[in-house]
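My questions will all concern the structure given below.
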There are 2 protein chains.
Amino acid sequence: MERYEIRLGGSGGQGIILAGVILAEAAGIYDGRFVCQTQSYGPEARGGASKAEVVISDDEIDYPKAIKPDVLLAMSQKSCDTYLFDLKPNGMLIVDSTFVRQLPTSKALQIPFTQIARDRFGKEIAANIVALGALAILTGVVSLKSLEAAVKNRLPPSSADMNKEAISAGIEAARNILKGK
Amino acid sequence: MERYEIRLGGSGGQGIILAGVILAEAAGIYDGRFVCQTQSYGPEARGGASKAEVVISDDEIDYPKAIKPDVLLAMSQKSCDTYLFDLKPNGMLIVDSTFVRQLPTSKALQIPFTQIARDRFGKEIAANIVALGALAILTGVVSLKSLEAAVKNRLPPSSADMNKEAISAGIEAARNILKGK
């Protein structure tokens, strides 16, 4: 596997950084790949926008930040608007259609992660885990087994059942997208 | 403030990555600095050693990983042994003396973070927050107010009181070190 770059973007409180840490652990610890995971904050960080990046490779990683992301997951309109320009040509854009209503390209993959979390669990905070389940299917970059293990390792046992279902809900939504539904 | 590099090392389950995320948010979001925070995983990650790096600067950060850390916080003997060689000459070594018994230098600052967490809260997991309180005092790299805000933001409300006390315990331990006690 060559260098593969994922950028996760959203607003504060959507669990973007936790999602980055989980994805990195899944690929790095459980799948045994080389992984770098980065958060960067600048003066704009107070605005509440947050991003997390994960670079995955079968070789050692020289530069740990995303240069031209292969995938952008945008959980908010602002993060979609801000980060899209960096995306690799023919890169994959996945958006949380609960919040991202103005799509910059017709090729965006739209899944209402937050709406799913709200409907299924009554908790919007689980949207990031739903998104990770979908990301695993749509990119194939991390195994489902490893994703489940990393989610279990990073989150409290009291929410383990919900998180397992959240991954499944993301998988299901992604498979429906792939089937063209 | 010029580029300042902090490396946190420990074993899996000590909350090293969470500590890195909190420190980065404190400096980046609440103190308004430029910050990059990185986790790297390689084939050795399965061994349970973990590290997190935080680079802080008043200018934009070109290379986001630590090159020669100004500070190494080692929460385990293995992380102390593994990462010490990278430390900047005259860099600061802070160790959790609960676990780090073989000191590579007489200049190491020894605080029993885990023992403090165990004694005060009956929970070893709070050791990382005790360590952040001490780190803030010993390095001056992040304001206490910002550290408290980031801890509160990243951890569940149910543990807010304990975490506030954990920061205070770390501050106290660091001040005792500085007083030569």
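Just so it is clear, none of the values below were taken in a lab; they were calculated from the coordinates. Not measured: the values here are computed from a predicted model. When we count neighbours, we look across all protein chains shown, and the Cβ atoms used for this are built from the backbone with ideal geometry, even at glycine.
Through the Karplus equation 6.51 cos²θ - 1.76 cosθ + 1.60, θ set to phi - 60°, convert the phi angles of region B:110-118 into ³J(HN,Hα) values in whole Hz; use x for Gly and Pro.
Computed from phi, the couplings for region B:110-118 are 9, 9, x, 4, 5, 4, 4, 4, 5 Hz.
Can I ask one more? Within a 10 angstrom radius of each residue's Cβ in A:64-74, how many Cβ atoms of other chains show up on average? Whole number is fine.
1
Further question: Using θ = phi - 60° and the Karplus relation 6.51 cos²θ - 1.76 cosθ + 1.60, list the HN-Hα couplings for region A:81-97 in order, rounded to whole Hz, with x at every Gly or Pro.
Values, residue by residue: 5, 6, 9, 4, 4, 7, 4, 4, x, 6, x, 9, 10, 10, 10, 7, 6 Hz.
Could you pull out the trypsin sites (Lys or Arg not before Pro) across region B:80-171 that fall in loop regions by DSSP (anything but H, G, I, E, B) with no more than 11 other Cβ atoms inside 10 Å?
Sparse-neighbourhood loop trypsin sites (Lys or Arg not before Pro): B:Arg101, B:Lys107.
So, with +1 on the Cβ of K and R and -1 on the Cβ of D and E, and no other charges, what is the size of the charge dipole of the protein assembly as shown about its Cα centre, to the nearest 20 debye?
About 620 debye.
Follow-up. Using the per-residue mean of other Cβ atoms lying within 10 Å as a proxy for protection, in what order, highest first, do the peptides A:56-63, A:134-141 fall?
Working: A:56-63: 14.2, A:134-141: 20.4.
The peptides rank, most packed first, as A:134-141, A:56-63.
Still on this model: Near A:Lys51, which lysines are there with a Cα under 19 Å away, not counting those fewer than 8 places off in the same chain?
By straight Cα distance, A:Lys51 reaches A:Lys65, A:Lys68, A:Lys78, A:Lys88, B:Lys65.
Show which lysines lie in cross-link reach of A:Lys164 when reach means a straight Cα distance below 18 angstrom and same-chain residues fewer than eight apart are skipped.
Within reach: A:Lys123, A:Lys145, A:Lys152.
I've got another one for you. Given A:Gly15, A:Ile137, A:Ala108, which one lies farthest toward the positive end of the charge dipole of chain A, if we put +1 on the Cβ of every Lys and Arg and -1 on the Cβ of every Asp and Glu?
After comparing all options, I get A:Ala108.
Please report the net charge: other residues with Cβ closer than 11 Å to the Cβ of B:Val142, K and R +1, D and E -1.
-1
Could you tally the net charge around B:Ser168, taking each other residue with its Cβ under 10 Å from the Cβ of B:Ser168, Lys/Arg +1 and Asp/Glu -1?
The answer is -1.
Further, regarding this structure: Determine the gain in length on full extension of the stretch B:Thr82-B:Ser11; use 0.36 nm per residue of separation and subtract their C-alpha separation, reporting nm with one decimal.
Between B:Thr82 and B:Ser11, full extension yields 24.4 nm more.
Quick query: amide H of A:Ala49 versus all other amide H atoms, modeled in the peptide plane; which residues come in under 5 Å with a sequence gap of 5 or more or a different chain?
A:Gly12
Now, a different point. Below 8 Å between Cα atoms, with a sequence gap of 6+, how large is the relative contact order for region B:97-173 in percent?
32
Oh, and also: Which whole number gives the average count of other chain Cβ atoms within 10 Å of the Cβ atoms across peptide A:25-35?
Whole-number average of other-chain Cβ neighbours for A:25-35 is 4.
Residues in region A:30-67 near a label at B:Asn153, defined as backbone nitrogen under 14 Å from the 7 Å Cα→Cβ point?
A:39-52
From the label point of B:Gly48, set 7 Å along Cα to the beta carbon, how far off in nm is each other copy's matching point, shortest first?
Label-point separations across copies, in nm and ascending: 4.2.
Between copies, how far apart are the A:Gln115 label points? List them in nm, one decimal, shortest first, with each point 7 Å from Cα toward Cβ, please?
5.7
Using +1 on the beta carbon of Lys and Arg, -1 on that of Asp and Glu, and nothing else charged, what's the dipole of chain A about the Cα centre, debye to 20?
Taking the Cα centre of chain A as origin, the dipole is about 540 debye.
Would you mind telling me which residue in B:Ala45, B:Ala26, B:Ala66 has the biggest mean-square fluctuation in a Gaussian network model of chain B, where springs connect alpha carbons within a distance under 10 angstrom?
Highest fluctuation of the listed residues: B:Ala45.
At a threshold of 8 angstrom on Cα-Cα distance, excluding pairs fewer than six apart, so keeping six or more, what relative contact order does region B:4-178 reach in percent?
After rounding, I find 23 percent.
Could I ask something else about it? If I model a spin label at A:Ile67 and B:Arg175 as a point 7 Å from the Cα along the Cα→Cβ vector, what separation in nanometres do I get?
4.9
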